[in-house]
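One structure is given here, and the rest of the page talks about it.
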Amino acid sequence: MRRARKGARIAPPPGVERGPAVSITVDGRPVPSYLGESVAAAMIADTDDLTLRTTDAGDPRGLFCGMGVCFECLVVVDGVPGTRACMTWVREGITVATQVGAAGRGPAA
Ligand code: FES
C-alpha cells in the first residue's frame, strides 16, 4: 500500500517525555518511532493515510477502538498477519506491513 509521508508528530505535552527513538519498517520504508508507543501510533504519526489494512473488497480500515476490541487495525508484524497494531508496542527493527482482509493474506499492493 502506498502511504504518503506526513513527517510531523504532535509534540508531547509538558511533563511527558518520549521513550528512546527506534526505527521500524512499514511497507518497506523506515519509520522513526519511540519505545512506549504502539505500532498504530507510529504508523499514523508518520503518514497522512490512516489506513492500516484493507478488506478483501479493498475498503480501507484503520484505528477504531484503539484498545484491542474491534480488530479493525490488523497488520502483519514480522511476518505474522492478524496482529493488532493498537496493542503491539514498537521494538527496534520490527517489520510491519499493511494487510489485506481480516485473515491476512499479506501486505496490500
Ligand atoms: S483499533 Fe480496535 S483492535 Fe485495534
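Just so it is clear, none of the values below were taken in a lab; they were calculated from the coordinates. Since the structure is predicted, the reported quantities are computational estimates derived from the model, not experimental observations. Cβ: placed from backbone, ideal geometry, glycine included. Neighbour counts: every protein chain shown.
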Completion exercise
Once the mean of 1/r over all distinct C-alpha pairs in the stretch 21-100 is inverted, the Kirkwood radius in Å reads 12.2
Problem - For Arg61, Arg53, Arg9, order by how many other beta-carbon atoms lie within 10 Å, fewest first - result: Arg9, Arg61, Arg53
Handout entry: Gain upon complete extension [Glu92, Cys65; 0.36 nm per residue less C-alpha separation]
Key = 7.2 nm
Practice task
Pick out, from Ala21, Val75, Trp89, the residue whose Cα sits farthest towards the positive end of the charge dipole of the chain, with +1 on the Cβ of Lys and Arg and -1 on the Cβ of Asp and Glu.
Solution key: Ala21
Exercise for the section: Mind putting a number on the dipole of the chain about its Cα centre? Charges go on the C-beta only, +1 for Lys and Arg and -1 for Asp and Glu, and I need it in Debye to the nearest 20. Expected result: 120
Exercise for the section: Return the long-range amide H neighbours of Thr88 (sequence gap of 5 or more, or a different chain), with a cut-off of under 5 Å between placed amide H atoms. Expected result: Val39, Ala40
Completion exercise
By Cβ neighbour count within 10 Å, fewest first, Ser23, Ser33 rank Ser23, Ser33
Exercise for the section: With unit charges on the beta carbon (Lys/Arg positive, Asp/Glu negative), name the residue among Gly66, Pro32, Ala42 whose Cα is farthest towards the positive pole of the charge dipole of the chain. Expected result: Pro32
Practice task
Quickly estimate the mean residue ellipticity at 222 nm for the chain, helices only: each DSSP H run with n ≥ 4 gives -39500 (n - 2.57), and the total goes over all residues, rounded to 500.
Solution key: -2000 deg cm²/dmol
